[in-house]
Every structure is written in structure tokens, then in C-alpha cells.
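Accompanying notes for the structure given below.
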Amino acid sequence: MKPKITIATARTPDGGEMVLYQHDRDFSIEINGQDLMNSRQHESELELARLGCAHLAGSRAPSVLIGGLGLGYTLRQVLDMLSPRAHVVVTELLTAVVEWNREFLGELNGQFLMDKRVDLKMGNIVDFISRSKNKFDSILLDIDNGPSAMTHPGNRRLYGYEGIIACQQALRKQGCLAVWSAEPSKRFEQLLMDCNFHVRLFRVPAYKGSKSQSRFVWVASENKGILPPGGGEPYLPFRDESRDGRRRPREIL
């Protein structure tokens, strides 16, 4: 069996250690010893693109935002789905992730960062989204571990009320928000609905053919009719009617 080889290391903004490994033909990135992404388990990243951009089939010049470059699978799938006139913005906080994709990971997805449709932006995604009003037909988020944000506490801002409202305002009228997560979260579903989104939750395989390892993708839109088929509608109980006669969801812990 071939050994796992350390290809490169870097520091995250909060001082953590990020390491790029290669094992035979596969690559993985760990932060502080925790497996953050692995090329052997990328089917859910493809599904994020497929579900979040399903409503853009046939669109002449869609505009898509991808939060988090990772190993590039979501970006590669988006480029394969969209027209030659599409505009795809990718935001990435960590310079090393971009450098590693260019230097070491080209064989995984081709040199997709060279595609003329791609516009790479470095920095905090919430700050970028907050400056992008009514700009995107789809926003695809794959930051950290999803709403549970295990590696960088600052990422929780993205998955809180401020971040979701910023996404909502950055979407066009017929836009969709799609969010990848390692685990389900009733609290996050509640937040999406509190922001007036219709929501579908999809359980997707971690890798092709897997039935035992699952990841999750929420797809949300203010227009229920453009959500992709399948998935499940979150079920949340309701409080008694308030003074204004409107039913309000209970708090989900």
C-alpha cells in the first residue's frame, strides 16, 4: 500500500495548520488533523452544483456565486452545466487553497481556474455577498463543515441570520441558494424559513454508489416553483397564533 504523502502545508487565519496530502491518486486537505475534504468523496460536491443550478438549464447568461473553492469539484460541475456566456464567481478565504489547486490539483478537474467564465475573488464571503445586491441566479455555499462550522469560528457568521439575509438580497428574483452540510440541522432549516425561503433538504451520497455515508444539501428559494424535484420539506411545529393572527414556528434547539 502506498503511503500518504505530505504535499504542502499552510496556516489558516486563526493559526490552525492546514495540510495537503496525496495518497496514490487521491488528494485530501486536513485542518488541525481533521479531514476537511477528500477527492475520494466528492459526489456531494457535484450534487451541490446540480441541485443549486438545476433551474438554470437553458439560461443564456446565468450568474452564479460559489462560496469555497475546495478541490474544485463544484466549480467543475457548474462549468460543465452552464452556457459559454455564464459568469461564475468563486470566493475563497485561503490563498493556499487556490495555489494548491493551480500547482497540484490540475489533474483532478483540469485547469478550470483558467476558464474565461471564472472570476476568482479572495476574502470573506459574507463581506462580498453584502456588496452584491440582486446579482446572482444561484449561490452555492460549501464553506467549512456547513452550518456546524468546525474549523473556523468566523464561518458561523455566514450561516447565521446576517449571512442568510445577505444571500437573499444578493439573489435575483428567480434565484436559488444551495448549502452543503456534513450533517442535518433543524436550527438552520428554521433560519432559512424565517428568512421567507421555501426549502428542500436532499440527502446525497458522499461518494458515488455509497449508501452508508451521506451528506446534505439544502436548496432554498423565495419561488417554490423553481426548486428541484425530490428532497423533503422540513417539518417544523408551530406556536399558537400570535396577536396579529399569524402562525409562527416554534424554536428548534
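The values are calculated or read from the model by the stated rules, or taken from the named source; none is laboratory data. Here the structure is a predicted model, which is why all the values come from computation and not from measurement. FYI the Cβ positions are ideal-geometry reconstructions off the backbone, even for glycines, and counts take in every protein chain you see.
Descriptive notes on the structure:
- Residues of region 1-48 that turn out to be assigned to a helix (DSSP H, G or I) and either in contact with a strand residue (DSSP E or B) (Cβ under 8 Å, 6 or more places away or on another chain) or of a type in the set (Val, Ile, Thr) (or both), as a count: 5
- The conditions of being modelled with pLDDT of 95 or more and either in a strand (DSSP E or B) or crowded, with 18+ Cβ neighbours inside 10 Å (or both) are met by Leu51.
- Lone qualifier among Met150, Met193 - being at pLDDT 95 or above and more than 20 Å from Val64 (Cα to Cα): Met193
- Test for Thr12: is it of a type outside the set (Lys, Arg), on the phi < 0 side of the Ramachandran plot and without any contact (Cβ under 8 Å) to a residue 40 or more places away in the chain: no
- Of the helices (runs of 4 or more DSSP H) lying entirely inside region 69-181, the ones with 1 or more residues being among the aliphatic types (A, V, I, L, M) and closer than 28 Å to Ala8 by Cα are found at 73-81, 95-103, 106-109, 125-130.
- Ala10 within 24 Å of Ala166 (Cα to Cα), small (Gly, Ala, Ser) and crowded, with 17+ Cβ neighbours inside 10 Å: no
- When Leu65, Leu94 are screened for being buried (at least 21 other Cβ atoms within 10 Å of the Cβ) and not polar (S, T, N, Q), only Leu65 passes.
- A count restricted to region 89-136 and to residues that are within 18 Å of the chain's Cα centre (by Cα) and more than 30 Å from Asp24 (Cβ to Cβ) stands at 16.
- Verdict on Gly123 being more than 30 Å from Glu222 (Cβ to Cβ), of a type in the set (Gly, Ala, Ser) and surrounded by fewer than 17 Cβ atoms within 10 Å (Cβ to Cβ): no
- Test: residue in region 158-176 that is farther than 20 Å from Ala54 by Cα, under 18 Å from the mean Cα position of the chain (by Cα) and in contact (Cβ under 8 Å) with a residue 60 or more places away in the chain: yes
- Within region 158-171, if we keep just the residues that are out of contact with any Lys or Arg (no Cβ under 7 Å at 6 or more places or on another chain) and surrounded by fewer than 17 Cβ atoms within 10 Å (Cβ to Cβ), the residue that is nearest to Met37 (Cα to Cα) turns out to be Gly160.
- Region 224-243, subset modelled with pLDDT of 85 or more and under 21 Å from Arg187 (Cα atoms), residue surrounded by the most Cβ atoms within 10 Å (Cβ to Cβ): Leu227
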